[in-house]
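Below: the structure, in structure tokens.
The values are calculated or read from the model by the stated rules, or taken from the named source; none is laboratory data. Note that the structure is predicted; figures quoted are calculated from it, not measured. A quick note on method: Cβ atoms are made from the backbone with ideal geometry, for glycine too, and the neighbour counts reach across all protein chains shown. Ligands, DNA and RNA are stripped out before the accessible areas are found, and what is left, the full protein with its side chains, is counted by its heavy atoms. Shrake-Rupley method; radii C 1.70, N 1.55, O 1.52, S 1.80 Å.
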Amino acid sequence: MCLMCLLGDVSESSRRRTTTIRNPIKCCLLNYSSRRRKQQHIRCFLHHHSPHQVSFKSITMFSSSFLRLVLLLCLVSSSFSTASPSNSTAADQTLRPQEELQKLKLIRQELQKINKPAVKTIQAISIFSKFVNMINAFRKISLLTLFSSSDGDTIDCVLSHQQPAFDHPLLQGQRPMDPPELPKGYVKDEDSYEDSQLWSLSGEFCPEGTIPVRRTTEQDMLRASSVRRFGRKIRRVRRDSSSNGHEHAVGYVSGRQYYGAKASINVWSPRVASQHEFSLSQIWVIAGSFTHDLNTIEAGWQISPELYGDTYPRFFTYWTSDAYRSTGCYNLLCSGFVQTNRRIAIGAAISPRSSYRGGQFDISLLIWKDPKHGHWWLQFGSGTLVGYWPAFLFTHLKQHGSMVQFGGEIVNTRPGGSHTSTQMGSGHFAGEGFGKASYFRNLQVVDWDNTLLPASNLKILADHPNCYDIRGGTNRVWGNYFYYGGPGKNPRCP
């Protein structure tokens with residue numbers, strides 16, 4: 001949920017653990033078949049290199065029918081557990097094969113809605129094979145490069161007019177809009193990394209007339225707490241943001257009419273300590289009240305093990321027009337956001353990432369309202385248009401926003417009764433500064449005249465400053481900026 005309940009849950013919590021292996025790199029090719037059915041990714045660490053995390057889909061995947069058979073056998077076995085017939089609680093908790101089959105049937109129905117026919121498919125295994133072949137042929141590519149080249153995703157190239165957005169009744173039969181006029185005062189950010197997604201490192205892209213869509217799998221949906229609400233946020237919006245485990249370190253502006261926002265966001269891989277927690281950094285454009293009619297447009301990077309099945313920072317979008325009740329979703333998981341770009345996959349992992357006392361990398365995001373048609377457009381990197389949220393999706397945001405917020409958020413489930421050690425940003429406090437703490441820089445808003453202006457009168461606030469804090473400033477190079485984040489649990493944050 002955003003600060004003072006400005007936003008609701010920013011990410012689905014994790015329901016899945018990944019396997020961490022600290023053995024030589026050959027572990028990526030061995031023993032993957034002996035893991036539990038939910039552990040389809042293997043992560044390896046190279047002791048003599050910097051700790052880049054990588055994950056791969058099983059190099060040989062069983063057919064979905066075989067997986068369902070194994071699952072059914074497990075369920076049948078569990079039905080013959082030691083639970084006594086007189087123990088109604090234990091009996092209620094026993095999974096019934098018929099119920100599980102119904103769940104799998106519902107999952108297949110949902111997958112048919114989400115996954116559209118592909119003109120071309122780009123798979124992580126093909127990227128892996130290319131690098132293996134190149135190593136065998138030339139022996140000149142570092143193994144670190146090999147293992148940072150794949151995020152385990154399958155990318156489907158879908159015809160633009162067949163993407164999920166055009167399932168919406170008001171979009172059926174239409175095609176994506178032409179690009180709008182950029183806001184006045186826009187300056188291209190040459191330091192941002194728009195082509196920074198792992199799936200694209202193979203050099204393969206989707207052909208003209210298509211868009212890249214991250215394929216959703218049965219495993220993705222099985223991790224979700226609710227199949228019917230897969231890809232949606234929890235329906236819970238409160239004014240007290242600290243009362244439901246959501247903690248923030250944010251900068252925000254309010255009191256005017258806002259037609260967009262822009263910022264460059266430092267990208268890290270913060271540690272998420274629990275399967276029920278997440279960490280993210282994003283921009284919110286907000287309108288409406290914080291009860292039933294909250295409108296939000298959101299974009300940034302997030303680590304959400306439940307949604308994606310790993311701990312990579314991933315580029316994401318979200319929207320809602322009724323306080324997360326029944327409208328809106330992440331990325332392209334429902335009809336809403338219209339993608340127009342064939343090189344950016346929403347939901348794909350971002351690379352490179354920043355390192356402590358090492359290289360610093362950020363992504364530039366611009367959200368603004370097209371003055372001509374009223375749609376809200378999204379730009380990623382130094383001039384790459386991703387797509388737009390149609391104006392008809394919203395009530396209040398059909399006109400303008402009433403608040404813009406920048407910053408980080410985590411979920412604290414208080415494991416063992418103490419504060420979580422899930423990190424925000426870089427995992428270090430704002431006072432450590434550049435190269436150590438995460439930052440937002442060049443904070444701007446779009447006014448009624450479609451002009452980018454500095455985000456003046458920026459207020460900063462941290463829910464729990466002993467756990468995660470924030471410090472703002474202004475200079476000629478970074479304009480309005482702030483450092484933010486923290487480690488979570490520490491002696492001052494027990």
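Checked against (1) closer than 21 Å to Ser281 by Cα; (2) at pLDDT 95 or above, Lys398 meets all criteria but (1).
All conditions but one from (1) at pLDDT 95 or above; (2) in contact with a strand residue (DSSP E or B) (Cβ under 8 Å, 6 or more places away or on another chain) apply to Leu333; the one that does not is (2). For region 173-192, the criterion of a residue being closer than 30 Å to Gly374 by Cβ, at pLDDT below 90 and within 19 Å of the chain's Cα centre (by Cα) is satisfied by at least one position. Among the residues of region 319-344, those that are in a strand (DSSP E or B) and under 19 Å from Ile303 (Cα atoms) comprise Trp319, Tyr330. Contact annotation: no residue pair with Cβ atoms under 7 Å, 6 or more positions apart or on different chains, pairs a residue in region 396-419 that is of a type in the set (Gly, Ala, Ser) with a partner that is assigned to a strand (DSSP E or B) and open to solvent by 60 Å² or more (accessible area, probe 1.4 Å).
Once region 429-440 is narrowed to residues that are over 21 Å from the mean Cα position of the chain (by Cα) and part of a loop (DSSP other than H, G, I, E, B), the residue that is surrounded by the most Cβ atoms within 10 Å (Cβ to Cβ) is Phe429.
Scanning region 248-272 for residues that are open to solvent by 10 Å² or more (accessible area, probe 1.4 Å) and either closer than 13 Å to Ile410 by Cα or among the polar types (S, T, N, Q) (or both) turns up Ser254, Gln257, Ser269, Arg271, Val272. Considering region 295-318, and only residues there that are among the charged types (D, E, K, R) and outside any loop (DSSP other than H, G, I, E, B), the residue that is surrounded by the fewest Cβ atoms within 10 Å (Cβ to Cβ) turns out to be Glu306. Quick one: in region 441-494, which of the residues that are assigned to a strand (DSSP E or B), under 15 Å from Gly427 (Cα atoms) and out of contact with any helix residue (DSSP H, G or I) (no Cβ under 9 Å at 6 or more places or on another chain) is least open to solvent (accessible area, probe 1.4 Å)? Residue satisfying both the conditions and the ranking: Cys493.
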